[in-house]
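The values are calculated or read from the model by the stated rules, or taken from the named source; none is laboratory data. None of the values given here were measured: they were computed from a predicted structure. Here the Cβ positions follow ideal geometry from the backbone for every residue, glycine too, while neighbour counts run over all protein chains shown. Just the protein is used for accessible areas: all its heavy atoms, side chains included, with ligands, DNA and RNA removed. Shrake-Rupley method; radii C 1.70, N 1.55, O 1.52, S 1.80 Å.
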Amino acid sequence: MPEPMSAEEEHSDDIALAGEYVLHLLDAAERKAFEARLVQEPALRDLAREWEAQLALFAQDIAPVTPPAAVKSKLESRLFAAPERASRGLRRWIIGGMLALGVIVGAAVLLPVLSPPVPSLTASVVAEDGSLVVAANFIAETNTLEIERQAGAALPGRVLELWLIAADATAPVSLGVLPEDRAARIALSDSLARQMTGAVLAISDEPPGGSPTGAPTGAVLAAGPVTGV
């Protein structure tokens, strides 16, 4: 039986994993699992932001280039053709080399992949008095809801819970408690993602841990319709 990884090894693994996420090297299942961890782990979000900031430095003096659609698949088939275990090691060796040497091979090809995905739907969840403002962008490509709390916060001893009210729904569905961090990503199931169009997002005041009933129990503090970009 393999020995469990040390905290240092787990941190190194997360650094490489964050790099693969930012470079869009994870497959769909790995990406969803990573985004689920992003919602819960502030340290992991910091690692992803550090990767984005470091890689953005390489793009400052290079004009964006849109490659043919087949470029990514051809690159992956040539670089990562070995079995999964070996390919993960190779990808992490490449990422480690990029950090150590400060060099990106084929930067013009990678740049478009690093561009933030364009949201397909957006919502501004705002309190009537403007005391709470949350911007939401839904990325249909990854079934991800990106949340940014631009104003306001939970009351002491309380939390903010986000709700989805679908166009034809009879009851709201919880999307989870908003973290203390101002920015977060929420991975939606395919079923919830299909309900985003024409829906309303709302935020309620709840006890720690969120509503105990599956429905809002406190005051609805803010709401906003989901619209196309």
Discussion item. Going through Ala223, Ala184, Ala219 one at a time, which residue ends up being closer than 16 Å to Ala169 by Cβ and in contact (Cβ under 8 Å) with a residue 12 or more places away in the chain?
Written reply: Ala223
Item to complete: For the range 23-39, name all the residues that are without any contact (Cβ under 8 Å) to a residue 40 or more places away in the chain and either under 20 Å from Val177 (Cβ atoms) or assigned to a helix (DSSP H, G or I) (or both).
Response: Ala28, Ala29, Glu30, Ala33, Phe34, Arg37
Discussion item. Only one of Ala53, Ala7, Ala36, Ala28 is at pLDDT below 80 and touching a strand residue (DSSP E or B) at 6+ places or on another chain (Cβ under 6 Å). Can you tell me which?
Written reply: Ala36
Worksheet entry | Residues located in the range 176-186, provided they are among the hydrophobic types (A, V, I, L, M, F, W, C) and either crowded, with 20+ Cβ neighbours inside 10 Å or in a loop (DSSP other than H, G, I, E, B) (or both) | Leu178, Ala184, Ile186
Worksheet entry | Among residues of the range 121-167, those that are touching a strand residue (DSSP E or B) at 6+ places or on another chain (Cβ under 6 Å) and either open to solvent by 30 Å² or more (accessible area, probe 1.4 Å) or among the hydrophobic types (A, V, I, L, M, F, W, C) (or both), counted | 28
